[in-house]
Every structure is written in C-alpha cells, then in structure tokens.
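Chemist: Sharing a structure here in structure tokens format.
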Amino acid sequence: MEGLGFYGFGALTLLGALLMVTSRNPLHGVLWLVVSFLGLSGLFGGLGAHFLAAIQILVYAGAILVLFLFVIMLLNLRPDDVERMPTFSLRGGVGGFLVGVVGFCAVVGSVVMGTGAFAKPVAGLPPLEAGAADVAIPLFSTALLPFEVVSLLLLAAIVGSVALTKRRLP
Amino acid sequence: MGPELAPFAWAILFAPLAAAGVAGLLVRRRRGLAAAVAVSGMAVGLLCTLYLLARSLGAGEGEPTGFVHNVDWIRAGAFTARFGVVADRLSLLMALVVTGVGTPIFVYSIGYMHGDEGYGRFFACLSLFAFSMLGIVLSTNLLQTFVFWELVGLSSYLLIGFWFGKDSAVEAGKKAFMVNRVGDFGFLTGIILLCWSAASLPSFAGRNPLDFADLAAFYRAGGYEELAKASPHLLGLPVPALAALLVFCGAVGKSAQFPLHVWLPDAMEGPTPVSALMHAATMVAAGVYMICRVFFLFEPFPEALHAVAWIGGLTAFMAATIALVQTDIKKVLAYSTLSQLGYMVMAVGLAGATAGMFHLTTHAFFKALLFLCSGSVIHACHSQEITEMGGLRKAMPSTFWTWIIGTAALVAVPGTAGFFSKDEILAAAAHGEHASLPLLVVGLVTAGLTAFYMLRCTALTFFGEYRGHGHPHESPAVMTLPLWFLAVPALLVGWLGFPLLFHGHPWFQGEFGITGVKVHEGPHEFHLPLALVGTAFAAAGGILGWMVFGARRIDAAAWKERLLPLHTLLSRKYFLDEFYLWLVRTVQQGIAECSDFFEQNVLIRGVVDGLSAAVKASGRALRELQTGSIHTYVRFALAGSVLVVAWVILSAARGGNG
Amino acid sequence: MTPLLAALPPVTVQHYLLLSGLLFAVGLVGVLFRRNIIIVLMCLELMLSAANLAFVAFSRVHGNLQGQVMVFFSIAVAAAEAAVALSIIIALYRARGGVDVEDAAEMKG
Amino acid sequence: MDIAGPFAPVLLETLSACGAGAVLLVDLFTPEARKSRVGAASLAVTAILFLAAWFGMEAGGETATLFGGSLVLDGMAVFLKRTFATAGLLAVLAAIRYEDRLPRGRGEFHFLLLSALTGMFLVSSVGDLMSMFVSLELVTLSFFILAAFRRERPESVEAGLKLLVLGSLAAAFVLFGTAFLYGATGDLTFAGLRDHLASLRGAPPSRDLLLGLLFVLLGLGFKIGMVPMQVWVPDVYQGAPAPVTAFLAVGSKAAGFALVLRLVTTVAGPGTKDSLQLLFTALAFATLFYGNLAAIPQTNVKRLLGYSSIGHCGYLLMGLAALGPASYYDESAAASGAAAILFYLLAYALTTFGAFLVVILFSAATGSDEMDDYAGLSRRSPLLAASLTVALLSLAGVPPLAGFFGKFMLMRSVALTGPAGFGLLVAGAVNVVIGLYYYLCLVKRMYVHPPKDASPLPVTGPTAALLYALTAALLILGIFPGAFVTLASDAARAAFGVGG
C-alpha cells in the first residue's frame, strides 16, 4: 500500500510539475501546479505528516495559487502576450541545461544513492503520525522564536505589497 | 641621552602635523599666517632635531647615543602594534635632512606660490607631507613605517593633484602612486612573512615581531639562522632572505630603482620645483633610509646584499646614460636623481648603511639646491628646455653661483660634499667586505657620465647667448636666500664624514643607531689613490662635456666669422665634433636610446601598459557576462554552484576513499 | 495491480529524495528557460516544495518533528514571498507593460 | 547596564520590531503635510537602537541563550549587532536625505528599513537553522520591496525583480541544503550539528552533510555577493534607491557573513578544515578578480560600487580561507580570520555609507549617478569631493583609513596559515592595486576634470556634520583601531573556543 501511494502521488506530482513548466498559458500553469501540490499533499500524508498535508492544500493550493490566478486575471494575461518563444539560445540553453540541471541531478542523485542511511525502506521505519496537535507542541515551545519572526515577516510582506501596488500616486 | 628627551622627538614628528592642522583648518584663508605657521612647524622640527643630534653626538663613552619611546597602539590578543619614536644617530641624521632641506623649501615656496589661489591649502599639504616623511624616519616598527610609507605616497599624490590641475601631470601622479603600490605590496608581504616566521619560533617569545629593536637584537643573537632552518625555503631562498628582498621591494618602489623607476621622471613633468623636490631630496630617499634602518635583515645574507648592490648599480648607470640626451632641465636632474639613488642603494649593498646614508645626506642638500636653482631658472625663462636658455649667468648671478656649487658637489669636485660620499662608495667597491670590480667600474663610469651631463647642462643653461624669449631676471630674495642657505651644506656637509678631520667624532661609522648597523670595523680610512682615480674619471667626463658644449659654442661663433684662417683648428674642432656626434649618436645615444627604448617599450608599454591592457580587457570580458538578462544570471549562478558542489564533493570523496 | 506492485522495488527514503531532487530540477528548468515571469515564480515555489518533501522524508527517517515544523515555516515564507513577488510583477507590468523576464534587462555591463 | 532583565538578549530585536510598528502608526496618524515626522520617528528608533547596542550591551559578557537555544547572544553577536545598529542609523539618516524623491509611502519605507534591521539583529544571534531561514528571509524580503520601492522608475522595479528571482533561487538553495543537513544529523540546531561532527572524531563528514553545507553556503553566498552567486549585485545596486543600495551593501553582506561565520565556526573541525580552506581560497580568488576587474570599465558610480562590493566580498573571504589548517598557529589563525572579518565589516559599513551619502546628495542635486558628471566636483563642493575621496581611499585600503587596517588584519590572518596562503596573499595584493586604479579614476574626475556645470552644490549644516562625522570615524577607526580590534578579536576567539 505504501508503494502504491508513493508511485501514484509521486507520478501525479511530477506530471503536474512538468506540465506546469511546459504550459504556454500561465492560467493552465497554475492549474497544473495545483495538481502537483495535491500529489505532494498525498506524499506528505503517506509519510505521516497529516497536518502538513492539510496545510499544503489549504495554504498552497487554496491561498497562494489563488493569488496567482487573481494576478493573472488582474493583468489580463493571455498566452500570446508573453511567450513568443522560450529563450533557448543554443549556447546558453544547452550549456545551462547540461551543467545546471543535469549536473544538479547527477550530484544530488549520486549523493543520495551513495548514502547508505537512506537506503532503508520507509515501511520499516518506526511509525510517525503528526497531526495538528503534535506539530503545535514544538511550534509553540522550541520553535517559538522563528514563529514570532514569521509573523513579522508576514506583516512586512503585507505592508510591502500594499506599498508597491496601491493605485494612488498623490 | 635617554627617554627623558622623548618630548623633543615627539615634537619633531607632531610640529608639522599641528602646523598642517592649523594651516589647513583654521587659517587657510589668511595666506601669510598659513605660510608662517607651516614654516614655523618645520623650524621647530629642525631645532629639535639639531638639539637631539647635539646630545647624541655629545654622549660620553658608554652612554647610549639614542633612545626609543613607544606607546601601545593596538593590542588584540597576541597581537600588539606599537607607535613610537626612535631618536638615534641614523634617524636624527635623516630627520636633519628632512627638516634641514624642508625648511628652506618652505621659505622658497612663499615666493614661488605667490598669487596662487590655494596658498593656505598648499602649505597644509606640504606640512602633512613633512609629517608623514618624519613619521617614516622616527618610526620604531615595521607597521608604523608602512602606514607612514603609504601616507607619504598619498600626500605627495595630493600635492601633485593639487598643484598641476592638468591631465598629464595627474596621470603621472597616478602612475607614481600605482607603481609605488607594486613595491609596497612586496614590502607588506615581506613584513607579514617576517612576522609570521619570526613569531613562530619559540625563542622569539616575548619579543614583538614588528619592532625594529626586538628584531635587530634577535638577529644579532644569531636568530636568523634559526629562522632560516625553522621555515621552508620559498622560491629557493631561505625565508628571512626572501623577506629581506621583499622589504627591499618597497624601497625599490619608493626610491625609484630599476625596474620600478619609471614613475620618477614623469613625476617631474610639472612646472613646479617644489613638488619635484619631494621627489628629489626627501621622499625618494625614504627607501634608502628604510633599508638602512632594517640593514640587519640583509647583513647575514650576502646574496641579498648582492641583489641590492646590483640593482643600485644598474639604476645608477642606466639613468646616467639617459640623462646625457635630455633637453628638459628638470628631466636632466630627474635622471640624475635616479642615478644618484642607484648610487646610494649600491652603497648600501656594498658597504652598508653608513655609506648609503652618507651619500643620501650630501645628495639631499646639493640636489635640493640644484632643483631650487632650476625652479628659479624656469621662473625666469618660462621654459624648461635648455635649448631655449643660455647665458643666464649674467642675468641671474645668485642662481648661477649656487648652481655651480651644487654642480660641483654632484660632480664630486674634491672638497665638496659629493666628493667624500662618492669616495666612500668607490672605496667599498674596491676594498670593502663585499668588494666587486664590475661595480667599481660601474661607479667610476657613472661618475664620469655625471660630470659630462652636468657640464653640458651648465654650459647650455648659463653660458653662451640667451636663446629664449623675453628678458630673464633674477628671482626675488625670498627665493634666492634659500639657495644660499642650501649652498653652505652642499659645500661643507661632506667634511662630516672626512675621517682625518673628525677623528674624535666618527659620524658615519661604527654603531649607527639602535638597530645596530655595523659594517666598518676599525678606523675608517681615506683612500687617496682611489680618490684620485675617481676624480680623474669625473674630470675626464667634465672636460669632455665642456669641450663639446661650452667651448664649442664659443668657437662656433668665431668659426662663422673667420671661416678660412684657422683651418687646422677648425678641422680639429670638426673632428671633435664629429667624434662627439659619432660618440653620442652611436655609442651614447645608442646606449641611451636602448635604455630609453627598453624603458618605453619593454617596461612601460610591455609590462605596465600590457598589464593594464590585459586587466582592462578582462574587465570588459567580464562585463559581457553581465548581459542584464535574468536568464543569463540564473544560468551562471546555477552552473557555478553545481560546479562548486561537484568539485568539493568529488575531492572529498577522493580524499575519503584514498 | 498486485503483480505490478510486487515487481517494483520497495519504497525507500532514497525514492523520496530522488523525487524531491527531480522536482527541484523541474523547477530549475522553468527558472532557466521560461520567459513568463509568473511561470518562473511558480517554478520557484515548486523548488521550495521540493525541499519540503525532503524535509518530511527526513523527518520520517529521524522520527522527530523538527523537519515538519521547518516545512510549516517554509510554507509561510513561501506565501509571503509569493505576495511580494506578485506585487513586484504588478509594478513591472505597470512600468513595462508586460511580464516578460527579458523585458527587465535594461541595466547591464 | 541591565535595563531589560531576562529579555536583555532580545532587547534590540524587540525594540526594533516595536519601533517598526510605531513608525507605521506615526505614519497613519500624520497628516500629509507633516510627513517629515515619520523620518524623525524612524531616526529616533534607530538612535535608541544605536545607543542600546553600543552602550546597553556588554561585549564581554557571558553567552546568553533564550528560546531554548534558538537565540544566542555571544561576543560575536554583540559585535555584529553594533555594526548593524550603526548601519541602520546611517541608513535612516541617508533615507531622510532621500525622502524628497519618495512621492508616497514614507511610513512603509521606514517600516521596511526597520524590519530588515530586525532581521539583521536576529541573524547575528540565531542558534538554529529554522530561525536562520526565517530571519534571513525577513531581511531578504524587506529588501525585495525596498529595491523596487520607486516603482515609477523602471530601473527600480527591474532591480527588485532581479533581486527577487535570484534571491528566491538562493532561498531555495538554503532550504534544500538545510534539508540535507537535517537529513545527515537529525537536528536543526547549530549545537546538534557541532555535536554530530564532534562524534565523527576527526573523520571527514558524510557526503550528504557536505552537500547540505555547500548548498547553504552558496545560498548565503548570494547575500554576500560571492562568485558564483554575485551576478545580481551590479544591476541591483544601480537600480535600487541609493539609501537602499547602501543598506543592502552593508546589511546584506554583514548578515550573510554573520551566518557564514556562525556556520563555519560550527562545522570547522579537523575533518572539514582542508575542504573548507580549499573551497574558500578558490572562491576568494574568483570573487576578488571578478569584482575588481569588472569594475574597471564602469561609468556609473552606483554600479562601480556594486562591483567593488563584490571585490570586498573577496577580501572578506580571505578571512574565511584562514579557517583552514594552520601550520603554526592553529586556532589563532582561524580566530584572527574571524576577527578580521568582523572588524572589516564594521569599517566597510562606515566607509560604504560615507560614499553613498555623497552619491545620494549628488544625485539629489543633479539627478545623475554617472561618473562623468562628477567631473570637477571639488570645485562645486569641496566637502562632497573630499568626503567621497576619503571613503574611496578607505575602500582602496590606503592607510591610515579604516579600510587599510581591515585589509591588514585579513592579510595577516591569511599569512598566519603559513605558505599555503601565499598565493592568496599575492592575489589580494594585486587586487588592491587594481582597486586603487578604478577608485583613483573617480577621484581624478572630481579633482582634475573641469566641471560641465560649475554651479556650486550647497551642503546644509546637519548633512555637513554627518559627512564630517563619517570621515572622522574612518580616520579614528584607521588610526586608533585598538579598542575595536580587541572587541572583534575577543568575540572571534570566544566563538572558536580559544581561551584568553
């Protein structure tokens, strides 16, 4: 069952991500990203992070991506507005792809595959179920400082967004 | 003589600084007052120097002839930097040069700068320069020396930038600053290398690796051997020898030695004798002074001394040949300065600090005199070309006679200042501990060349007919008085080193300051045969110069009037002329042009310009990368990061498995 | 269904990490090549999420919740970043009349 | 002086966060005509912070921890907080000079300056990776907005966008790296990381830990302008409003170095030193040459200072290269490298603001940042020209200015590592010469070239006083660095656990 969850949700996540990257219409991109995040949420659930699975859907899919949709519609973007063609100059494109993406995959892959500690089947690990209450305890004790800082961060983001976008220039 | 006299030494250092502050900040707009403040700052320094020098010379047997006074400047953990003053015969002599030459220059500037807009600022800058120079002189440790070293460069840059206001001169100032920085970084690296290697020795514990006195005591106790053994050889040299040579790099830059000499002639370009004087009498001597101060670093390593001597000899010879063909009066003096600086450095390498310091002292006085004279001449003729001068001896008698005194001292006419110091150097090359025949020949030939170009310059400037425009007239008293003031030491200061006269007061021998400079063991001798040979070379050069440029002009005039009657004489003259032309065109011109070509094309164009072109080109190439496109940036950042990660992880894996 | 599952190797932590790396790489592709700044932004969000997946997987390995708490913060930061980013995009649209990354390449050299 | 009781360790953070809120409130209740009050309120907050940092905190006190180790106040943190408080005060002073060109949103502008400052205070004393990430993001996010703040200018928006895309990429790197650090150690605190490495007993760490560490370092390299993450620097410096650029130059660099130092002091051990020294030596080389060479052909002053800031990151990285194996002085080379970095950051903060203040005043008067327009500045305003010259010479490392002593300390620390550091020393020396060249090009324009427009640029009394004070500070820090060097070196040695 573990296997089914991983392969199913993993495929969903990856597929959504790939389709998002390749979609010409940003509106479609957002929707594909929602799909990908749903898959991710499933993966979180499979790993026992139930609270995060819920947050992933509520905050990411429910709030952040809606904000994206809102901006796309606000600016009234159509597919041909922007993407005449992707920037794929031969040198920069192939070089960037090979060194950047392939190199990244190779390095990370070799490290992950070369570390024996990560070769354990997940099913054999001691169970870890983390609901809202379980996460809340460290959140309000050991991680209190970052929690407070995040509140300031969000305030700064709100103030900043308002300052950058409000219409009236006196 | 002990630390109870420290207030006097501090006064030498801080009187010019106080004067700079007052003149620059408080009374800048009140012209007369600013000048008076600056001059009195220097005068206070001069008086304190004289007093301390008298006390040092008057010190009885067994009494210390100098003292060191330090305060802690920066203390951080194991690292302590001090700030202090050292007053021993070496530093006081140098301080005497700075203040003794500086005071008349300040007075002279009152006249020369008359009517300039930035009068007060100029005197503030001049005082600041004097302060930085005295900071080097009185410094007790390497770090302090380095700080003031840079400050001297900076204040001279400010003065050049202040004074010229024209592009080429500021380019020259910038070049001076840049070339000096190359040397300075050798210097800094040397200091750090020395500190690092010395501080790593357990036997060094309790001493400060920056402090001259501590280092000298350590070296004298044989510490350099330990140092050479304890650390690995770098570039085939033991670390202390390498450190000595790196420290010497600093002197090569500041004292304009080959191959970093290219900045000095350029720094003379401007019309002011005052600014040029800094580059003739005091500032450029700082390098020589510094290697004298740290002579103990070189003493145990003959190979280091040889390198020093050869660089000096090469500079002396090369610059003298170039001076032969210059037509700008200040360029002649500039190359002459280069040549004499080379002489000093050669002296340090051959004979030790005392001979170098002796020549430095005498040279400072007569070269300052010559520069002030040239300033007076330029002031009168409104030109720097000696081809546009001539016959000035009648119009400017004071300038002429003082010039003659300066020339005599530079040419080393027996009895004048230059004679004694040059003799000492030649004696060291002939009989000294590190005697070297090739360098003796270089020294003698250079002496001859010196006489030749100085006589040429004198003849073209002061004799014959005036070839310029307008009517030259003598400069005001405020300018001629400093000339006479300097003429006296230019004539007499050499006698201080004459062993037969001051037998009881050995000025330039024996223990020469707290760092224990000591080369001449036993009584100093006066080498009569060598003195004769040296004088003969100088006389030969001088006579040749006079025949060609002085005498020829007189006869050339006669030749035009009486074409046929003195045919044989004329043909002889013609022969001489041809010989001279041949000599100049093929031999001297050839050497000079080779040197000039080497300097212009290899050094400046090849090394200096080539490097800067390469640097600029790579700057532009990097600029291409900065396309402005976010995609390029992301690709660069990502590719770079992946390469860094891959490199480290792969090398760690290899290290881990192997 | 069952034979297909049986043929697959058992799911290890490595699988999750490789998936996380792949998602990160997909995000990188978008940032490297897409010109629509909104898509670029979504790709950046995807990269943060990929890191989140690794955190959750490691949290499972170590049996403690620190990783999950970190993910909570990461999501909060991502939300704030998205808000700011979108407002900058709106400012860009007003200033340049488009949302093409290549439009914002006036300063260079 | 103990005025905050048990909350003393978070005194500055609390004050600046509350101050930020207070500034917003002042803005809300101030009529449009009297908006200068907002700047005054912000100035008051930063002045209090400045005083509290320099006089209300004990530098040599015991290490205090709060929030169960999330927040650590040691000597290094105190030194950095003082640097940040100084930078914050100067940034607000610079922003007040700039306010005329902010048509709206003064309150928000000052709020964001203060929130970035809060983030910097936090960054200097975080004790775990979670706090590190969110504090870092607080700084970064505030700067995203600040850089784009003059949204009517396309350059400003472009600067914000570039900062945003590359900054988010860096944030993703940091997060990804943190995940692997967590995976390797099972803990997210610096103490846990240190314990894990200590348990290896000198063996090199596993490759997943190394991967995580490198990604975090590269992500932090974005903050400090280190090759290969330096590409954003010139564009953002040029496009962002000048006070923001100055604050970004100082604050972002110091915040990044605070974390790099924190991380490196944590992980530096027998098993990692070789790799670290090799890594930082290579990065210092690349960064030094990139920044200084590319600065040569520049024509815009802010852009020039951007490239120069990359060069300065290279010098600072030299201090990190001293953290490697030392042949003669083991721990003290490392500690002296860290001390040199701390001192250099303080000197750099003062110097950078000295330069940018002139840039702000000049562009306020003439509307230009082009180097050619600086021609003849010495005749139009001797004070501006002299202040900028002093700042540039300090950046170039000319004694007796602050920058010289910083460079001296950095070079000394590299020399202490023995012959291995020789190449880096030479590279540093070469770059000092290159740096001097391009700084002098600007000095030459100001003093030699004739002005195109000879009208004098008046400088008002308070501004002149500020310029004098900054120039004096550069001289004092260069001539009497003793007290500051002692502070930095005590802090660094405490961080490395070296006694005395």
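The values are calculated or read from the model by the stated rules, or taken from the named source; none is laboratory data. Fair warning: this is a prediction, and the values are worked out from it, not measured in the lab. Reconstructed Cβ throughout: ideal geometry from the backbone, glycine too, with neighbour counts over all protein chains shown.
Chemist: Among the residues of region B:77-90, write down those that are at pLDDT 85 or above and within 14 Å of residue B:289 (Cβ to Cβ).
Modeler: Within region B:77-90, B:86 is the sole residue that qualifies.
Chemist: Looking at residue D:210, is it surrounded by 24 or more Cβ atoms within 10 Å (Cβ to Cβ), in contact with a strand residue (DSSP E or B) (Cβ under 8 Å, 6 or more places away or on another chain) and more than 24 Å from residue D:345 (Cβ to Cβ)?
Modeler: Considered against the rule, which asks whether it is surrounded by 24 or more Cβ atoms within 10 Å (Cβ to Cβ), in contact with a strand residue (DSSP E or B) (Cβ under 8 Å, 6 or more places away or on another chain) and more than 24 Å from residue D:345 (Cβ to Cβ), residue D:210 comes out as no.
Chemist: Looking at region B:412-434, which of the residues that are of a type in the set (A, V, I, L, M) and more than 16 Å from residue B:371 (Cβ to Cβ) is surrounded by the most Cβ atoms within 10 Å (Cβ to Cβ)?
Modeler: Among those that are of a type in the set (A, V, I, L, M) and more than 16 Å from residue B:371 (Cβ to Cβ), it is B:428.
Chemist: Residue check: is residue D:422 of a type in the set (A, V, I, L, M, F, W, C) and more than 22 Å from the chain's Cα centre (by Cα)?
Modeler: So residue D:422 passes the test.
Chemist: Taking region A:57-73 on its own, how many of its residues are in contact with a Phe, Trp or Tyr (Cβ under 8 Å, 6 or more places away or on another chain) and at the interface with another protein chain (Cβ under 7 Å from one of its Cβ atoms)?
Modeler: Total satisfying the criteria: 1.
Chemist: Can you confirm whether region D:274-289 contains a residue that is of a type in the set (A, V, I, L, M), crowded, with 22+ Cβ neighbours inside 10 Å and touching a Lys or Arg at 6+ places or on another chain (Cβ under 8 Å)?
Modeler: So far as region D:274-289 goes, no, none of its residues is of a type in the set (A, V, I, L, M), crowded, with 22+ Cβ neighbours inside 10 Å and touching a Lys or Arg at 6+ places or on another chain (Cβ under 8 Å).
Chemist: Taking the condition over 23 Å from residue A:152 (Cα atoms), more than 14 Å from chain B (Cβ to nearest Cβ) and free of Cβ contacts under 8 Å to residues at least 40 places away in the same chain, does residue C:67 pass? If you could, list the steps in order and put the result at the bottom.
Modeler: Values: over 23 Å from residue A:152 (Cα atoms): no; more than 14 Å from chain B (Cβ to nearest Cβ): yes; free of Cβ contacts under 8 Å to residues at least 40 places away in the same chain: yes.
So residue C:67 fails the test.
Chemist: Which numbered condition trips up residue C:91, out of (1) at the interface with another protein chain (Cβ under 7 Å from one of its Cβ atoms); (2) buried (at least 22 other Cβ atoms within 10 Å of the Cβ); (3) under 24 Å from residue B:640 (Cα atoms); (4) small (Gly, Ala, Ser)?
Modeler: Every listed condition holds for residue C:91 apart from (3).
Chemist: Something else now. Pick out the one residue from D:375, D:347, D:385 that is within 14 Å of chain B (Cβ to nearest Cβ) and buried (at least 24 other Cβ atoms within 10 Å of the Cβ). If you could, list the steps in order and put the result at the bottom.
Modeler: Numbers: D:375 fails: buried (at least 24 other Cβ atoms within 10 Å of the Cβ); D:385 fails: buried (at least 24 other Cβ atoms within 10 Å of the Cβ).
Checking each option against the conditions leaves just D:347.
Chemist: Ok, one more. So if I check each of B:206, B:223, B:186, B:236, which one is touching a residue at least 60 places away in the same chain (Cβ under 8 Å) and either surrounded by fewer than 23 Cβ atoms within 10 Å (Cβ to Cβ) or within 14 Å of chain D (Cβ to nearest Cβ) (or both)?
Modeler: That would be B:186, the only listed residue that is touching a residue at least 60 places away in the same chain (Cβ under 8 Å) and either surrounded by fewer than 23 Cβ atoms within 10 Å (Cβ to Cβ) or within 14 Å of chain D (Cβ to nearest Cβ) (or both).
Chemist: May I ask you to say which residue of B:347, B:319, B:364 is in the same structural domain as residue B:486 (by TED's automatic domain parsing) and either assigned to a helix (DSSP H, G or I) or at pLDDT below 80 (or both)?
Modeler: Answer to the selection: B:319.
Chemist: Looking at this structure, is residue A:43 facing chain C (nearest Cβ under 7 Å) and within 18 Å of residue C:8 (Cα to Cα)?
Modeler: Yes, satisfied.
Chemist: For residues that are in contact with a Phe, Trp or Tyr (Cβ under 9 Å, 6 or more places away or on another chain) and facing another protein chain (nearest Cβ under 7 Å), scanning just region A:119-134, find the one that is surrounded by the fewest Cβ atoms within 10 Å (Cβ to Cβ).
Modeler: The extreme case among them is A:134.
Chemist: (1) over 19 Å from residue B:341 (Cβ atoms); (2) surrounded by fewer than 23 Cβ atoms within 10 Å (Cβ to Cβ); (3) under 22 Å from the mean Cα position of the chain (by Cα): which one isn't true of residue B:444, the others all being true?
Modeler: (1)
Chemist: Right, another one. Of the conditions (1) of a type outside the set (Asp, Glu); (2) farther than 30 Å from residue D:104 by Cα; (3) part of a loop (DSSP other than H, G, I, E, B), residue D:30 satisfies every one except a single condition; which number is it?
Modeler: In the conditions (1) of a type outside the set (Asp, Glu); (2) farther than 30 Å from residue D:104 by Cα; (3) part of a loop (DSSP other than H, G, I, E, B), residue D:30 misses (2) alone.
Chemist: Is there a residue being surrounded by fewer than 20 Cβ atoms within 10 Å (Cβ to Cβ) and away from chain B (no Cβ under 14 Å) anywhere in region C:39-54?
Modeler: First, the residues of region C:39-54 that are surrounded by fewer than 20 Cβ atoms within 10 Å (Cβ to Cβ): none.
No, every residue in region C:39-54 fails to be surrounded by fewer than 20 Cβ atoms within 10 Å (Cβ to Cβ) and away from chain B (no Cβ under 14 Å).
Let's see how each residue does on (1) more than 22 Å from the chain's Cα centre (by Cα); (2) on the phi > 0 side of the Ramachandran plot; (3) at pLDDT 80 or above; (4) of a type in the set (Gly, Ala, Ser):
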position	(1), (2), (3), (4)
B:369	no, no, yes, no
B:398	yes, no, yes, yes
B:408	no, no, yes, yes
B:411	no, no, yes, no
B:418	no, no, yes, yes
B:422	no, no, yes, no
B:425	no, no, yes, no
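Chemist: Separate question: Quick check on region D:178-190: of everything there that is in contact (Cβ under 8 Å) with a residue 40 or more places away in the chain and surrounded by fewer than 24 Cβ atoms within 10 Å (Cβ to Cβ), which residue is farthest from the chain's Cα centre (by Cα)?
Modeler: So, considering only residues that are in contact (Cβ under 8 Å) with a residue 40 or more places away in the chain and surrounded by fewer than 24 Cβ atoms within 10 Å (Cβ to Cβ), the one farthest from the chain's Cα centre (by Cα) is D:189.
Chemist: Could you go through region D:488-496 and let me know if any residue there is aliphatic (A, V, I, L, M), part of a helix (DSSP H, G or I), surrounded by fewer than 18 Cβ atoms within 10 Å (Cβ to Cβ) and modelled with pLDDT of 85 or more.
Modeler: The answer is no; no qualifying residue exists.
Chemist: If you don't mind, there's one more thing I want to ask. If only one of D:380, D:412 is of a type in the set (D, E, K, R) and under 30 Å from residue B:193 (Cβ atoms), which one is it?
Modeler: D:412
Chemist: May I pose another question? I want to confirm something. Restricting to region D:36-92 and keeping residues that are aromatic (Phe, Trp, Tyr) and within 19 Å of the chain's Cα centre (by Cα), which single residue is farthest from residue D:105 (Cα to Cα)?
Modeler: Among those that are aromatic (Phe, Trp, Tyr) and within 19 Å of the chain's Cα centre (by Cα), it is D:79.
Chemist: Here's something else I'd like to know. Taking region A:1-35 as the region of interest, how many residues are under 16 Å from residue C:24 (Cα atoms) and either facing chain C (nearest Cβ under 7 Å) or out of contact with any helix residue (DSSP H, G or I) (no Cβ under 6 Å at 6 or more places or on another chain) (or both)?
Modeler: 11
Chemist: Moving on. Say whether the condition of being farther than 25 Å from residue B:25 by Cβ and not in a helix (DSSP H, G or I) is met by at least one residue in region D:400-419.
Modeler: Among the residues of region D:400-419, at least one is farther than 25 Å from residue B:25 by Cβ and not in a helix (DSSP H, G or I), which makes the answer yes.
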